[in-house]
């Protein structure tokens, strides 16, 4: 069945309510002759007369009155919804869905976003803590947060944090019985805390010094897929751990962990918020993006 022309139905409802082609044409922003032609075409298509016309007035027929009663309020509902969308465009409101790792949520996103959410109670944020690259379009996320080097090229990527450095650490108790490594190759003689990646493989520890890049496959008693538990295993003396240095910062300051191979861990691009390039951002999303982006000098 062919779809009805809703513009024709809106034109009919407007004429019926205004009781005049002249006034209805002014409301709709069309000429009176064009409006009359539209109504005649609608009546011909439905094969029923909808309006009774006299030289002084226009009134709906019984069939026309029934149609106005049936569909008139629906146009009002549509107008109300469109007005609501306009209000959303002008005022931050609604839900923003973000997928990110636990570390960036704790250290970067939450400290920046918490004050904003207190100031804008109509903005809701849903976080999906994931350690893999989600398909944010297919999974209906507004944005994702990952390291800059891991963002797909077809996405807009906005830096939300400083450059990062990795750190290899272990407890003083571990190094009391194991000679600290001098180069990444020495790690093969140590117990290390492995990290299981989302795809199932083990993370190869990445190092670089004076332009020389090196990946090391390590072994040890413990394999974990979440960073807080890797930190806990290192504190318990179960081997050398390798994570962004911010994960270990308080324990390094307290002397509960000792850092090694620091010269092999140069800075690299930090966390970026990424989202599809073809989108019309809502005020809520723009608010979140503005709160998270790195400022000049920040």
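The values are calculated or read from the model by the stated rules, or taken from the named source; none is laboratory data. The structure displayed is predicted, hence computed values, not measured ones. Counting neighbours? That spans all protein chains shown, and the Cβs are built from the backbone with ideal geometry, glycine included.
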Exercise for the section: Grab the strands (runs of 3 or more DSSP E) fully contained in region 208-276, keeping just those with 2 or more residues being modelled with pLDDT of 95 or more and surrounded by 15 or more Cβ atoms within 10 Å (Cβ to Cβ). Expected result: 241-244, 258-260
Problem - Options 56, 106, 97: the member that is more than 28 Å from the chain's Cα centre (by Cα) and free of Cβ contacts under 8 Å to residues at least 60 places away in the same chain - result: 56
Fill in the blank from the handout: Taking region 118-129 and keeping residues out of contact with any helix residue (DSSP H, G or I) (no Cβ under 9 Å at 6 or more places or on another chain) and either surrounded by 15 or more Cβ atoms within 10 Å (Cβ to Cβ) or closer than 14 Å to residue 95 by Cβ (or both) leaves 121, 126, 128
Exercise for the section: Those residues that are free of Cβ contacts under 8 Å to residues at least 24 places away in the same chain and in contact with a helix residue (DSSP H, G or I) (Cβ under 7 Å, 6 or more places away or on another chain), I need them from region 188-233; list them, please. Expected result: 231
Problem - Only one of 142, 185 that is over 29 Å from residue 254 (Cβ atoms) and in contact (Cβ under 8 Å) with a residue 60 or more places away in the chain - result: 142
Practice task
Quick one: residue 182 ticks every box in (1) loosely packed, with under 14 Cβ neighbours inside 10 Å; (2) outside any loop (DSSP other than H, G, I, E, B) except a single one, so which number is it?
Solution key: (2)
